[in-house]
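Heads up: the structure comes next, in structure tokens.
The values are calculated or read from the model by the stated rules, or taken from the named source; none is laboratory data. Given the structure is predicted, the values throughout are model-derived calculations rather than measurements. Cβ: placed from backbone, ideal geometry, glycine included. Neighbour counts: every protein chain shown.
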Amino acid sequence: MQSLSTPTRLTRLPLISILRFKIRHILALLMSFTLIALGGVAQAASKAEMQQETRSMAQETLTRLYQSTPSAKTAIERAAGYAVFSNFGMKILFAGGGTGKGVVVDNKSRKETFMKMVEAQAGLGFGVKKFKLVWVFENKSDLDKFVNSGWEIGAQSSITAKSGGKGTEVFAGALSVTPGVWLYQLSDDGLALELTAKGTKYYKDSDLN
């Protein structure tokens, strides 16, 4: 009996080893897939959180704008769309710059497009500046151009607020960038009547869209 059982045990050992190897391999694959799935969920959650953070910033900015300039609400509601950006910039001696984020909203479709802005400037100075920008597009073509092709304001641009002549009373306090395109700039001190966010470029945020 012993002589018969010995080969049986010998033949079983490799099979057990193979099964154990396969089980470990399967468990490793399952763990890898689980980690990948969890990573995707975390990334999606992070993206959703960043989108909501931008929406909250936009809503807070609009609330503040409407409180200081009530006519701005009518201007935005009548427009083809609008965009809200938050900027953080720093200047140290001769060089400076800033980055920002924002969201563009098509009033008709309610479609959101998340975007970024980058600012580069030169000039003597030192300090930190924060401001919010609210773009208003009367025409759909300008809105689409801003979203799809981006927008750039040259460093030498000189833009000041219109006094609100006939037909433009609703845009009183806004900066006229180009016919049909208006810009409200909010600083810590309130509504700015001259553009300080110069040398800025706007483009789609590939991470949030």
Subject >> Qualifying residues in segment 81-117 (those that are farther than 20 Å from Ser187 by Cβ, of a type in the set (Gly, Ala, Ser) and modelled with pLDDT of 95 or more) - the one surrounded by the most Cβ atoms within 10 Å (Cβ to Cβ) >> reply: Gly81
Subject >> Selection count, segment 160-209, where residues are modelled with pLDDT of 85 or more and part of a loop (DSSP other than H, G, I, E, B) >> reply: 8
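Got a number for residues in segment 60-80 being surrounded by fewer than 17 Cβ atoms within 10 Å (Cβ to Cβ) and of a type in the set (Gly, Ala, Ser)?
The qualifying residues number 2.
Output the number of residues of segment 132-159 satisfying the condition of being modelled with pLDDT of 85 or more and in contact with a Leu (Cβ under 6 Å, 6 or more places away or on another chain). Explain how you work it out, then say what you get.
Restricting attention to segment 132-159, the residues satisfying the condition of being modelled with pLDDT of 85 or more are 132-149.
Pick out the ones that are also in contact with a Leu (Cβ under 6 Å, 6 or more places away or on another chain) and you get 132, 134-135, 137.
Going through segment 132-159 one residue at a time, the tally reaches 4.
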**OP:** Go through (1) at pLDDT 95 or above; (2) of a type outside the set (Val, Ile, Thr); (3) not in a strand (DSSP E or B) and name the single condition Leu35 misses.
**Re:** (1)
